[in-house]
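A short write-up of the structure that comes next.
The values are calculated or read from the model by the stated rules, or taken from the named source; none is laboratory data. Here the structure is a predicted model, which means the values were calculated and not measured. Every residue, glycine among them, receives a Cβ derived from its backbone with ideal geometry; neighbour counts consider all protein chains shown. Ligands, DNA and RNA are stripped out before the accessible areas are found, and what is left, the full protein with its side chains, is counted by its heavy atoms. Shrake-Rupley method; radii C 1.70, N 1.55, O 1.52, S 1.80 Å.
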Amino acid sequence: MVERKTSPAVEASLTALAVSLRGVTKAYDNGVMALGPFDLTVRKGEFISLLGPSGCGKSTALRIIAGLSAPSSGTVRVARHEGEVQPGQPGHGIGFVFQEPTLMPWTSVRENVRLPLRLAGVPKADARARADAALASVGLADFAGAYPRELSGGMKMRVSLARALVTDPDILLMDEPFAALDEITRFRLNNDLLVLWRRLGKTVIFVTHSVFESVYLSQRVVVMTARPGRIQADIRIETVEPRGEEFRTSAAYSDYCRRVSAALAPSYSGQSTL
Ligand code: ADP
Ligand code: MG
């Protein structure tokens, strides 16, 4: 029996769709067929991972959802408070965290986080307060005046997360954000991300090629095939919530990792094991 701590309000919101992709394909100008046909439905408030081998089209899928890249065919629907974003139109209701923190080195942490608000024309005092609140939410309240070069890799990634959260997006897209970090830092950021997700109620689509990370974080792991990426498996991860370090060492966690690895294996079948 799995204990459920989700409130009725959260359950109700889960039934609403956040993202829907139908028959989406992407062929790049050089003829590379990167994605699809790809179908994905994500409910509001869900935390899902897209898991697949390098080059299978994970980043392509995220960019299409973000409206940063147009699909070659198919339909993309992204629900927001204000309605729906059309494909090819960047959505203000979306925050994007890239693998590299991509911070401006010449200015402070606070100014880096304030950037999206500055671009949106938010008055300075308001934007500063919101940037500081976003920094506090990722545990960096004391580093607003620091410069990126003074921060560790994990802290830079926290700044990048704060910058994505500062506009209060409904949907957070994260593209292998912790891949370059050491394991302990990665585990800490995993836990902090889960705390933030529970507190803020955002929809999260998290891209990774780590089975362990995908199972630890997500309510659903969507396993992709090799390029062009399609859905290989869609595996629900059910456990006692909230998750913490005890889940990482549980038998249930190992079982899920085994299942997800087995689903992922065919995606690597054509590749050299060297
Ligand atoms: P992943 O994020 O899963 O590693 P990507 O979505 O980045 O995969 O890329 C999928 C495939 O599309 C790869 O073969 C990659 O080389 C190719 N690709 C990605 N971006 C472009 C581009 N702008 N132009 C041409 N090919 C691209
Ligand atoms: Mg990628």
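Quick notes on this one:
- Residue among 135, 200, 193 that is open to solvent by less than 10 Å² (accessible area, probe 1.4 Å) and within 26 Å of residue 42 (Cβ to Cβ): 193
- Of all residues in segment 41-60, those satisfying the criterion of being surrounded by fewer than 22 Cβ atoms within 10 Å (Cβ to Cβ) and more than 16 Å from ligand 2 (Cβ to nearest atom) are 41, 43, 44, 46, 47.
Residues checked against (1) out of contact with any Lys or Arg (no Cβ under 6 Å at 6 or more places or on another chain); (2) of a type in the set (A, V, I, L, M); (3) open to solvent by 40 Å² or more (accessible area, probe 1.4 Å); (4) at negative phi:
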residue	(1), (2), (3), (4)
161	yes, yes, no, yes
178	no, no, no, yes
182	yes, no, yes, yes
210	yes, no, no, yes
218	yes, no, no, yes
228	yes, no, no, yes
231	yes, yes, yes, yes
256	yes, no, no, yes
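- Positions within segment 13-36 being open to solvent by 40 Å² or more (accessible area, probe 1.4 Å), within 18 Å of residue 78 (Cα to Cα), part of a strand (DSSP E or B) and not basic (Lys, Arg), in sequence order: 17
- Residue 98 meets the conditions (1) surrounded by fewer than 20 Cβ atoms within 10 Å (Cβ to Cβ); (2) more than 16 Å from ligand 1 (Cβ to nearest atom) in every case but one. The failed one is (2).
- Selected residue [within 16 Å of ligand 2 (Cβ to nearest atom) and either under 27 Å from residue 34 (Cβ atoms) or free of Cβ contacts under 8 Å to residues at least 60 places away in the same chain (or both)] from 252, 226: 226
- Sole exception among (1) closer than 27 Å to residue 42 by Cβ; (2) surrounded by 16 or more Cβ atoms within 10 Å (Cβ to Cβ); (3) without any contact (Cβ under 8 Å) to a residue 24 or more places away in the chain for residue 119, by number: (2)
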